[in-house]
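As structure tokens, the structure follows; a few thoughts come after it.
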Amino acid sequence: MKSLFVVVVLTSILGLGQRLALAQNEQSTGARKVIRQVIPLYPFLARQMGLSGTVKLEALVTADGEVKTIQVKGGHPILAQSAQNAVRAWKWQKSDHETTESLEFSFKP
């Protein structure tokens, strides 16, 4: 019984700092419609450091709607990594050619 109590207490303590937080105000300024969008997580390290700010990305999207490459155009590297990880899972509407999509994410603790 004592060990169960210890496990419950430790789980509670460790879980306090791991609350889920997401980037806010994500937006795509490209012409193609996003059909699958993943919202970036606010990194735990960024929360500990009190980081906030905006990340700007440019994604080269293939004709079939998959992300080919991502370039960071601005923002803190820790926040930018989280945004890139999410955008890699995005899917756009199909097109007859590759397009460059501009994206912006706001991270606030």
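The values are calculated or read from the model by the stated rules, or taken from the named source; none is laboratory data. Since we're looking at a predicted model, the values are computed, not measured. Cβ atoms come from the backbone with ideal geometry, glycine included; neighbour counts cover every protein chain shown.
Results, tabulated for the structure shown:
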item: Boolean, residue 109 is out of contact with any strand residue (DSSP E or B) (no Cβ under 8 Å at 6 or more places or on another chain), farther than 19 Å from residue 38 by Cβ and in contact (Cβ under 8 Å) with a residue 60 or more places away in the chain; result: yes
item: Segment 41-66, residues that are touching a Phe, Trp or Tyr at 6+ places or on another chain (Cβ under 6 Å) and within 22 Å of residue 99 (Cα to Cα); result: 55, 61, 65
item: Condition broken by residue 65, with the remaining ones in (1) at pLDDT below 95; (2) buried (at least 18 other Cβ atoms within 10 Å of the Cβ); (3) of a type outside the set (A, V, I, L, M); (4) assigned to a loop (DSSP other than H, G, I, E, B) satisfied; result: (1)
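Residue-wise test of (1) exposed (fewer than 12 other Cβ atoms within 10 Å of the Cβ); (2) within 13 Å of the chain's Cα centre (by Cα); (3) small (Gly, Ala, Ser).
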residue: 34; (1), (2), (3): no, no, no
residue: 41; (1), (2), (3): no, yes, no
residue: 47; (1), (2), (3): no, no, no
residue: 50; (1), (2), (3): yes, no, yes
residue: 77; (1), (2), (3): yes, yes, no
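Every residue, every condition in (1) at pLDDT below 95; (2) surrounded by 12 or more Cβ atoms within 10 Å (Cβ to Cβ); (3) in a loop (DSSP other than H, G, I, E, B), yes or no:
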position: 26; (1), (2), (3): yes, yes, no
position: 31; (1), (2), (3): yes, no, yes
position: 59; (1), (2), (3): no, yes, no
position: 72; (1), (2), (3): no, yes, no
position: 80; (1), (2), (3): no, yes, no
position: 105; (1), (2), (3): no, yes, no
